[in-house]
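Below: the structure, in structure tokens.
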Amino acid sequence: MRLRFNNVALAVSDLERAVAWYGDVLGFTLAERGRFDAVGADYAMIDGAGLRIELVCHTGGDFTPVDRTAPPHHLDVLGWKALVLEIDDLPAATARFTERGVEMVWAEMRISVDRRGTMLRDPDGNLIHIFGPRGLI
């Protein structure tokens, strides 16, 4: 058996809003659209940062909101925690997020002895953590 990575699936409440947000804020591009008839859901595959995300929206869904437990206690809730990306110029990225009115959990916070990060939320509340480059800080 030889598995290969295909994508990460993310359920969203509004497919059009999610495609626009991930494009505008993170620079992802739309690669494919379609429908999964078996589960009654529309999807959009978006590409960026060397990965593919499947945004999927259940038609007429009665949505359960994202768990919004604030860090560090978000780690007490089991499951996937965040999409984690890395960028060379964290201050510029953080300024871009601020200009676009993105909900930020923290900005350029020291998260280890050699790294800073900016954590934000997408329109449905999912966590996205942007690491700056490693180095003495």
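Derivation of every value follows stated rules applied to the coordinates shown; laboratory data play no part. For clarity, every value in this text was computed on a predicted model and none was experimentally measured. With ideal geometry, Cβ positions are generated from the backbone for all residues, glycine too; neighbour counts draw on all protein chains shown.
For the reader, a short list of remarks on this structure follows.
- Counting only alpha carbon atoms, the long axis of helix 90-99 and the longest principal axis of the chain meet at about 60°.
- Shape of the stretch 73-131, Cα gyration tensor, a/c cut at 1.5: oblate
- Prolate/oblate/rounded call for the chain, Cα gyration tensor, a/c under 1.5 rounded: prolate
- Three-way shape call for the stretch 8-58 based on the alpha-carbon gyration tensor, with the a/c threshold at 1.5: prolate
- Exposed-loop-free span, longest in the chain, where trypsin sites (Lys or Arg not before Pro) count as exposed if DSSP calls them loop and at most 15 other C-beta atoms lie within 10 Å: 5-67
- Chymotrypsin sites (Phe, Trp or Tyr not before Pro) restricted to the stretch 52-137 and DSSP loop, no more than 13 other C-beta within 10 Å: PHE63, TRP80
- Shown for MET109, MET119: other C-beta atoms within 10 Å of each C-beta, ranked fewest to most, produce the order MET109, MET119.
- Helices in the chain, meaning DSSP H runs of at least 4 residues, each add -39500 (n - 2.57). Divided by all residues, the mean residue ellipticity at 222 nm is -5000 deg cm²/dmol.
- Table column - 3J(HN,Hα) (Hz), the stretch 121-128, Karplus curve with 6.51, -1.76, 1.60, x for Gly and Pro: 10, 7, x, 8, x, 5, 7, 10
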